[in-house]
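The values are calculated or read from the model by the stated rules, or taken from the named source; none is laboratory data. All of these numbers come straight from a predicted model, not from anything done at the bench. Virtual Cβ from ideal backbone geometry, glycine too; neighbours counted across all protein chains shown.
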Ligand SMILES: [Mn+2]
């Protein structure tokens, strides 16, 4: 099984993160890496609009860095139906490494398992236990296993008793099975005492007298050319495996979405060799053994648009990080192996990736991919108005405009139009989806950023959102919380604030703030934070 490398952006994905993962996965595929784009949350309506416009699919949702059973190598399950004879099961199981069969119904739903051990335990059973099993054998299985043919078919039931080459003085029980040579006196004797199934080891025909007698007694006679020894051995392998299988309720089995860690824990407590793996419809899709759980390849990731563990996929510690492409500060990341890191202080991660496409002549940048990347750069730099914008962002965007035939300005306007209304979000999302906490001169400060398309949205929200911030300050002990509601067109931000230090805000942006709006304020990191620091720090 070939394992893909997942290219993922950060949690609460924005357009730059989603586009970076799609574009870099495609870039890696063109260089021969089996890469797939993944996402850690739902996409915004702005992103969705951009994906639709250039006909790209949503990346697949990824929940954990742990490997699930669907992602590791497994054995193909050797399937059997419960009416399979033990003889056929033995023949099949001897050819398997894990020496186990998975018993399923006609829809491949799990019913139980049968292992080589179960099949051989048959020989340790008492006569009484064997009788119970022999009682269940079917005529068709006897014919198949003993390579036998029917001479007379009767309807007597089977008691489970077996008589091997009885003499005329033996106590042959009613409805028993008798194994005989083609000797009329003994055949007659057994029929007379009410034997139900007579297996005759012979190559010569059964006499008419015996046939007539069997018909009168409603008994069955079958003939086989196998040796007496083979017949004695094989007759105990004619029962169906249903009689000895271990039913579903008594075994460990796994769902394809269980993690390797969960499965290992369960397996450590049990002694079977192999365990069925089912999909969500309870259909058997494979089987695993200890070997698979101790020798699996970790899930592999390339991180784009982030590098901090807490912004990345859950359980990233269980996975392997191969590479990072980012435009944020480095956040104390450690790796076991040397890895490739590409970082640059540009306004969008998509700028770095677009640059890679433009510089690598052996990689093709399609028209629609150029449009997609352009959209992400426009979004992350707020149409180049954010102070994080660099000349590289602008020059790369110009080249993308030419290749895609789309204008950055038009794209920006369309995306702002399709951005989600703040009114459709809950306060907890507005405040905490993109939230950073700072300690400034002993003050606990929280700065939230969200995009806000219009003054009317702000006016509708501002009182209730202020109340929400005030409550959050009290319950979470913030001295100051600011919600920065930025117009995605880059014109500026509305500020809503609360906390015992909120009077300080009034000292900030003294000339620029008008009806809560600060023209030109778009970057939390480069504009708002330094202002808050200097106000609270008195510097
Ligand atoms: Mn970004």
- Query: Checking residue 79 against (1) in contact with a helix residue (DSSP H, G or I) (Cβ under 8 Å, 6 or more places away or on another chain); (2) under 30 Å from residue 258 (Cα atoms), which test does it fail?
  - Reply: (1)
- Query: Is there a residue being more than 16 Å from the ligand (Cβ to nearest atom), free of Cβ contacts under 8 Å to residues at least 60 places away in the same chain, over 30 Å from residue 103 (Cα atoms) and in a helix (DSSP H, G or I) anywhere in region 324-334?
  - Reply: no
- In region 283-297, which residue that is in a loop (DSSP other than H, G, I, E, B) and buried (at least 16 other Cβ atoms within 10 Å of the Cβ) is farthest from the chain's Cα centre (by Cα)? 289
- Item | Restricting region 298-320 to residues that are away from the ligand (no atom under 16 Å from the Cβ) and buried (at least 22 other Cβ atoms within 10 Å of the Cβ), the residue that is nearest to residue 97 (Cα to Cα) | 299
- Message: over 56 Å from the mean Cα position of the chain (by Cα), buried (at least 16 other Cβ atoms within 10 Å of the Cβ) and modelled with pLDDT under 95: which single residue out of 201, 172, 152 fits that description?
- Response: 172
- Query: If you go through region 337-359, how many residues are in contact (Cβ under 8 Å) with a residue 12 or more places away in the chain, away from the ligand (no atom under 14 Å from the Cβ) and over 32 Å from the mean Cα position of the chain (by Cα)?
  - Reply: 2
- Task: Looking for whichever is at pLDDT 95 or above, in the same structural domain as residue 24 (by TED's automatic domain parsing), under 34 Å from the mean Cα position of the chain (by Cα) and farther than 18 Å from residue 302 by Cβ here; the options are 332, 375. Which one fits?
- Result: 375
- Hey, does region 243-266 have a residue that's free of Cβ contacts under 8 Å to residues at least 24 places away in the same chain, closer than 30 Å to residue 163 by Cα, exposed (fewer than 15 other Cβ atoms within 10 Å of the Cβ) and more than 16 Å from the ligand (Cβ to nearest atom)? no
- Message: Taking the conditions exactly as written (more than 16 Å from the ligand (Cβ to nearest atom) and farther than 25 Å from residue 451 by Cα), does residue 399 satisfy them or not?
- Response: yes
